[in-house]
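Beneath this line is the structure, given in structure tokens, with notes to follow.
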Amino acid sequence: MEKMSEFFARRVETYDQHMLQEVEGCKEGYEKMAQMIPEGTEKLLDLGCGTGLELDEIFKRFPSLQVTGIDLTWEMLQKLREKHPDKQLNLIHASYFDCDFGVYRYDVAVSFQTMHHFGYPQKIALYQKICGCLKPGGRYIECDYMAKTQREEDHWFAENRRLRKELGIPLDEYYHFDTPCTVENQIKMLLQAGFRKAEAVYRRENTGMIVAYQ
């Protein structure tokens, strides 16, 4: 297990190629996410924005979009800024768990392949913040590594607990280890956090997408 920020910093130069060519469903997922953003969107929050692969597609539809991007890895944010020097980017080097998103500030919030590193309590609390930061009628779009079965989900959470116990790593420290949840459980968490509706809109192998409505 590696610290989250160090894991991605070491892979920043190969990250885009890996996600586009080696993770099944991601290339199409970036395109699908851009399609799911409604016309008239002006302000967007990107959680775990990384190098901005989802923004590469979103900016094709919304070139004047105002984006706030949050990521733990400084090197990833630098790569994003290099790719889009002419865009309205407010990039924050921090954990999105620690950030104040404000209230009724954004039309849309998105996350791509980042939430599968965390457990239920962390996610639900974060989803509550996301729901609160959206303008009335706003939406949150999440594309992530999602388990196909409850058995698969239970296996990875158990492995995470076992490894952390062996290595003496507290559960609340940010280390890279995949703990994907099923689509059904993701939807339950979003509804529990206050979204009025959440639905699956895309799936290819373990890459799934859910849209939640404020």
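What is the total of Lys pairs in the stretch 1-93 with C-alpha atoms under 27 Å apart, excluding same-chain pairs fewer than 8 positions apart?
21
At a 1.4 Å probe, what is the % contribution of carbon and sulfur to the accessible area of the chain?
The C+S portion of the solvent-accessible surface of the chain is 48 percent.
Evaluate the stretch 52-160: find the radius of gyration of its Cα atoms, find its Kirkwood radius, and give the ratio Rg to Rh.
Ratio value, two decimals: 0.99.
Taking the chain on its own, what percent of its Cα-Cα pair distances exceed 26 Å?
Tail of the P(r) past 26 Å holds 30 percent of the pairs.
Given the C-alpha centroids of the stretch 64-108 and the stretch 145-214, what is the distance between them in whole angstrom?
23
So for the stretch 102-214, taking the charge dipole from beta-carbon charges (+1 Lys/Arg, -1 Asp/Glu), which of Cys181, Cys143, Val103 sits furthest toward the positive end?
Checking the options against the dipole of the stretch 102-214, the answer is Val103.
Using a 1.4 Å probe, what is the accessible area per residue for the chain, in Å²?
47
The values are calculated or read from the model by the stated rules, or taken from the named source; none is laboratory data. Keep in mind that this is a model prediction, so the values were computed, not measured. Cβ coordinates were reconstructed from backbone atoms using ideal geometry, including for glycine residues, and neighbour counts include every protein chain displayed. Side chains are part of the model used for accessible areas, which takes the heavy atoms of the whole protein and leaves out ligands, DNA and RNA. Shrake-Rupley method; radii C 1.70, N 1.55, O 1.52, S 1.80 Å.
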